[in-house]
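This report concerns only the one structure given below.
Quick note: the coordinates plus some simple rules give every number you see, no bench work behind them. If you're wondering where the values come from, they're calculated on a predicted model, not measured in any experiment. Note: ideal-geometry Cβ built from the backbone for every residue, glycine included; neighbour counts use all protein chains shown.
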Amino acid sequence: MRKEMLAGGHIVTELIKDFMENKNEYNFKTVMSCLRDSDVYISARMVFSEEDQKRFAEAKPGEKISPKDKVKLNPGLLKTKDGKIYFPVFTMEEKIPEDQKKNAPGIKIPFTECIKMVLNVPTTEAMVVNPFSENLLLNKQNLQIIANLPPSED
């Protein structure tokens, strides 16, 4: 039930806006809990194995085929002037700038998977949610807290 309620990203986007205007512990915990249970979008390219690329190239027009090998995601990252690297996520696909969508389309994945990506890459400083609008910065300590939150009850 909760997952369906959070689908589309509108609720979590509004909760982030509320938190940015009124930063308190209750609003922070509410945002973190809802993010944890949400799917978000990342701007990423899919990287296919050579074998799958060959299969796609040889496919007949209209033929439905799926990759046989694991597909890797190569997410777009943000780098600041001082060299810090941030992992951007978006609560709604519309939040991804059009110029980014042209190079790497929006891919919907669970927020918890994004946390794993950030925590497992030492060069990534933090995650930024909706970097071109609400701009909620979550450092690795915040992400670890979210990852350790108990599952929500529907």
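Report, to two decimal places, the Cα Rg of the chain normalised by 2.2 N^0.38 Å (N = number of residues). Could the numbers behind the result be given before it?
Values: Rg = 17.2 Å, N = 154, 2.2 N^0.38 = 14.9 Å.
Normalised Cα radius of gyration, the chain: 1.15.
Segment MET92..ILE11, full-extension length gain: 28.1 nm, with 0.36 nm per residue of separation and the alpha-carbon distance subtracted.
A full extension of the chain between GLU4 and LYS72 corresponds to an added length of 21.8 nm, given 0.36 nm per residue minus the alpha carbon distance.
Note: relative contact order over the chain, using C-alpha pairs below 8 Å and six or more positions apart, is 27 percent.
In straight-distance terms, cross-link reach from LYS116 covers every one of the aspartates and glutamates whose alpha-carbon lies under 20 Å from its own, apart from those fewer than eight places away in the same chain; here that gives ASP37, ASP39, GLU125.
Which order do MET127, MET117 fall in if you start with the one that has the fewest other Cβ atoms within 10 Å?
Least crowded to most crowded, the residues run MET117, MET127.
Ranked by how many other Cβ atoms sit within 10 Å of their own Cβ, fewest first, the residues MET46, MET92 fall in the order MET46, MET92. Tell me the angle of helix 10-21 to the major Cα principal axis of the chain, expressed in degrees between 0 and 90 and rounded to the nearest ten. Computed tilt is about 40 degrees.
Based on DSSP H segments of at least four residues, each scored -39500 (n - 2.57), the chain has a per-residue ellipticity at 222 nm of -11000 deg cm²/dmol.
One Cα centroid belongs to the range 81-145, the other to the range 25-77; the line between them spans 14 Å.
Evaluate Rg over Rh across the range 1-62, taking Cα atoms for both radii and Kirkwood's formula for Rh.
Numbers: Rg = 19.3 Å, Rh = 14.7 Å.
Looking at the range 1-62, the ratio lands at 1.31.
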